[in-house]
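Let me begin by presenting the structure, written as structure tokens, before commenting on it.
None of the figures in this text is laboratory data; all of them are computed from the coordinates on show. Everything numeric here is computed off the predicted structure, so don't read it as measured data. Here Cβ is always computed from backbone atoms with ideal geometry, including for glycine, and neighbour counts include all displayed protein chains.
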Amino acid sequence: MRISVIGTGYLGATHAACMAELGFEVMGLDIDPAKIEALSQGVLPFHEPGLPELLRKHVATGRLRFTTSYEEVGAWADVHFIGVGTPQRAGEHAADLRFVHAAARSLAENISKDALIVGKSTVPVGTARSLVDVIRRHSDPSVRIGLAWNPEFLREGFAVQDTLAPDRIVFGVDDPADESVLRAVYARALENETPLIVTDFETAELVKVAANAFLATKISFINAFSEITETVGGDIRTLADAIGHDARIGRRFLNAGVGFGGGCLPKDIRALRARASELGLDQSMRFLAEVDQINLRRRDRVVHLAENMLGELAGKQVAILGVAFKPDSDDVRDSPALDVAVRLYNAGADVRVYDPKANHNAAGRFPRLDYVDSLEAACSGADLVVLLTEWREFRELTPEDLGPLTEGRRLIDARNVLDAEAWEAAGWQFVSLGSKYTPAREPVRSAAP
Ligand code: UDX
């Protein structure tokens, strides 16, 4: 079986390389010739652990190739996965389906043998059904083209693992013939007893957005409790541990902090609300507006804490540790960390940013921040250190690492990963999100060298 993957961004490139790893012949298609050129040479344009190795391996074996030609994939592949982006529409909350529609139409126009189109992109419910018509109108009637929806749940930083060994597989199908093709594609995972849910288009589309809405809600839930412990005292991590022991709740995704960002959760909850409104069901998803607001207030909180700790931001030196939206990723889309860094800069602070992988992408968006290439360079002489993305090298920081570098021993742990007691014992003014802010009695200065 030959497989094409339309769209070689984050999702598509990962899916294409993993399908080659499973033994299929794969062709990745993108309309961006520069991306195709890079991928053809085994160069991945973003950071994802384990993926560059897979890409290079299968470009070398010849099992994985890339093209910009729909005609080529239309004549060649048996199964076409659509993995193009569905960004937030400019100035609106709804998803922009332009790329999905264009991909389905171009495939329909160019497929010259019986084939199955499989949507993987995250789409508003009802999209697959509307594509049946697009495909019918633009294809050769003598060719049978099936359609299925097979949502993708991969997380950045774990994309290869999540694709090769998913928690579950979902097929949205209209015709049993299409289900058997998908079973053949996923044979390896199914042999390993990965749960399989075979359902209709609508349920398959909704599974993805429901999962992301639930995860976002879980994060905002604990962050809302963070607002309470910040006011009355209490420890948010202990609270999360204690409720997380209840198997019905579970501890994962209860890490309070500066909140969620990235290319999925924020846009997906907004698009879901927009879709619910279109369906006349505004009330059903209204709670997601609150989830979004709680999340955005976390960023305000960090900026306010910085102001409180420094008195005046203008002229103060602030070290920002991490700008990626999460560790093990170079993605800064809707990154809470980058947002906070920019707001501190706009308030007059002299902001120095260090991220192990995301500096380059952040600089592409906000060139005015001072990006440096080491923790030492960021923290040296800093009046305040703000930990915003919990990369391992930041999680393992001790007061001894930073003490000699900084000017004022002040630290905001906006991801709740450091040991507050150790930092306080070393004389730091230490604040984490979820703990009560207590102003220092005297200005804190670092010890003379
Ligand atoms: C998410 C979904 O997890 C994935 O299934 C879907 O396919 C795409 O969207 P991703 O965006 O890669 O994946 O990141 P994820 O690990 O879910 O984290 C999302 C955001 O939530 C990050 O900014 C992270 O820092 C934040 N987060 C996560 C918290 O603030 N607290 C937590 O407890 C967990």
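Calculate the FRET efficiency for T199 and A242 from the Cβ-Cβ distance with a Förster distance of 35 Å, rounded to the nearest 0.05. Before the final figure, lay out the partial values.
Numbers: r = 36 Å, r/R0 = 1.03.
Approximately 0.45, to the nearest 0.05.
Here the gap between R252 and F287, fully extended at 0.36 nm per residue and compared with their Cα-Cα distance, gives a gain of 10.5 nm.
Summarising the amide proton neighbourhood of V5: residues at separation of 5 or more, or on other chains, whose placed amide H is nearer than 5 Å comprise M27, G28, L29, F81. Sequence-ordered 3J(HN,Hα) estimates for the range 394-399 from the Karplus curve with 6.51, -1.76 and 1.60 and θ = phi - 60° stand at 8, 4, 8, 5, 10, x Hz, glycine and proline given as x.
For the chain, state the semi-axes of the equivalent ellipsoid (square roots of 5 times the eigenvalues of the alpha-carbon gyration tensor), sorted largest first and rounded to whole angstrom. Please list the in-between numbers first.
Working: eigenvalues 392, 113, 72 Å².
Listed largest to smallest, the semi-axes of the chain are 44, 24, 19 Å.
When only alpha carbons of the range 200-449 are considered, Rg and Dmax amount to 18.8, 68 Å. Listing I31, I82 from fewest to most neighbouring C-beta atoms within 10 Å gives I31, I82.
In this structure, the amide hydrogen of G172, modeled 1.01 Å from its nitrogen in the peptide plane, lies closer than 5 angstrom to those of W149, N150, T199, counting only residues at least 5 positions away or on a different chain.
Calculated on the alpha-carbon coordinates, the convex hull of the range 2-152 measures out at 107 cubic angstrom per residue.
Close amide H partners of L116, meaning residues 5 or more places away or on another chain with modelled amide H under 5 Å apart, are V79, H80, G146.
Here the mean projected area of the convex hull built on the C-alpha positions of the range 185-319 is 12.9 nm².
Using Cα pairs under 8 angstrom and six or more residues apart, how large is the relative contact order of the range 2-199, in percent? Before the final figure, lay out the partial values.
On the way: 370 pairs, mean separation 36.3, N = 198.
It rounds to 18 percent for the range 2-199.
With charges only on Cβ, +1 for K and R and -1 for D and E, what is the dipole size of the range 338-406 about its Cα centre, in debye, rounded to 20? Please list the in-between numbers first.
Details: 7 positive and 12 negative charges, 75 e Å.
With Lys and Arg at +1 and Asp and Glu at -1, about 360 debye.
If both residues of a DSSP beta bridge must be in the range 2-199, then about 10% of such bridges are antiparallel. Here the chain carries DSSP beta bridges of which approximately 5% are antiparallel, counting only pairs with both residues inside. Normalised by the number of residues in the range 319-444, the average gap of Cα pairs under 8 Å and 6 or more apart makes the relative contact order 23 percent.
Packing, as the average of other Cβ atoms within 10 Å across residues, places the peptides 282-292, 183-193 in the order 282-292, 183-193, highest first. For the options R298, R273, R251, a Gaussian network treatment of the chain with springs between C-alpha atoms closer than 10 Å singles out R251 as fluctuating the most. Each of D140, D30 was scored by other Cβ atoms within 10 Å of its Cβ. Arranged with the fewest first, they read D140, D30.
Roughly how big is the range 2-199's charge dipole about its Cα centre, with Cβ charges of +1 (Lys, Arg) and -1 (Asp, Glu), in debye to the nearest 20?
The dipole magnitude comes to about 140 debye.
Along each principal axis, taking the top coordinate minus the bottom one, the Cα set of the range 315-449 gives 39, 28, 26 Å in descending order. Each label was represented as a point 7 Å from its Cα along the Cα-to-Cβ direction; for A440 and S374 these points are 2.5 nm apart. Based on C-alpha pairs under 8 angstrom that are at least 6 apart in sequence, the chain has a relative contact order of 11 percent. Mind checking which of G315, G74, G28 has the largest fluctuation in a GNM of the chain, springs on alpha carbons under 10 Å? Checking each option, the largest mean-square fluctuation is seen for G315. Of the two radii for the range 335-384, the radius of gyration is 0.92 times the Kirkwood radius, both from the alpha carbons; that is the Rg over Rh value. In a reduced charge model with +1 at each Lys and Arg Cβ and -1 at each Asp and Glu Cβ, the chain shows a dipole moment near 460 debye about its Cα centre. Each peptide in 42-48, 173-179, 9-15 gets a packing score, the mean of other Cβ atoms within 10 Å over its residues, and the list from highest to lowest is 9-15, 42-48, 173-179. Using alpha carbons only, the radius of gyration of the range 258-395 set against its Kirkwood radius gives Rg/Rh = 1.05.
Looking only at Cα atoms, what is the convex hull volume of the range 39-110 per residue, in Å³? Don't skip to the end; give the middle numbers.
On the way: hull volume 9.0 nm³, N = 72.
Each residue corresponds to 125 Å³ of Cα convex hull volume.
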